[in-house]
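One structure is given here, and the rest of the page talks about it.
Quick note: the coordinates plus some simple rules give every number you see, no bench work behind them. What you see is a predicted model, and the numbers here were worked out from it, not measured in a lab. Cβ placement follows ideal geometry from the backbone for every residue including glycine, while neighbour counts extend to all protein chains displayed.
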């Protein structure tokens with residue numbers, strides 16, 4: 001693989017990685033958000049794959065395959081299982097309209113704390129901030145990988161933003177995973193990959209956290225009929 005082709009493909013993967021995080025702020029349907037997370041997982045897996053092919057490192061290629069299976073396959077599958085439990089299902093003969101409206105609300109992020117326009121503007125500001133913060137690091141070693149480093153930092157900031165502004169528990173889980181994806185991408189781009197054992201341990205921790213969050217979300221829905229954080233806070237008050 002030539003240097004120019006490597007740089008172009010790396011920039012393409014980094015651009016898709018950032019774009020998926022930004023579009024999460026635009027979409028309100030939780031099913032669409034989960035699909036976007038899966039697409040971002042593919043873009044994330046492409047980063048160590050390209051690094052491994054360029055540097056002839058088989059360990060990075062193995063990490064890329066594992067990341068793709070986990071971030072684009074297993075984790076979205078677990079989140080879709082949670083969605084299937086809250087999907088709107090009115091009765092065939094005598095539907096409960098109130099219950100149906102609650103189910104539809106659970107299937108969508110109906111009232112985020114920040115509207116779509118302000119969220120997209122915030123994402124643009126956070127991306128500019130990430131590029132400004134990363135400029136000294138890029139200047140130290142201006143390789144194609146380090147030039148894409150601000151993208152990982154931008155996704156970290158966007159993940160924090162999603163985590164803070166979304167009201168549905170599953171949307172907040174996606175925010176947590178966006179944050180983790182951004183940290184992983186930053187590690188790959190800054191250090192040209194991480195040791196295989198480190199990535200495996202981190203991925204196992206993330207998988208365990210998502211499994212716990214899946215159980216908690218399902219039980220919240222069964223016990224309180226909602227996963228809206230504000231409604232649950234009112235119950236506590």
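Remark: the Cα gyration tensor places segment 2-91 in the oblate category, a/c being 1.5 or greater and a/b not exceeding b/c. Ordering 129-138, 22-31, 156-165 by mean Cβ neighbour count within 10 Å, with the highest value first, yields 156-165, 22-31, 129-138.
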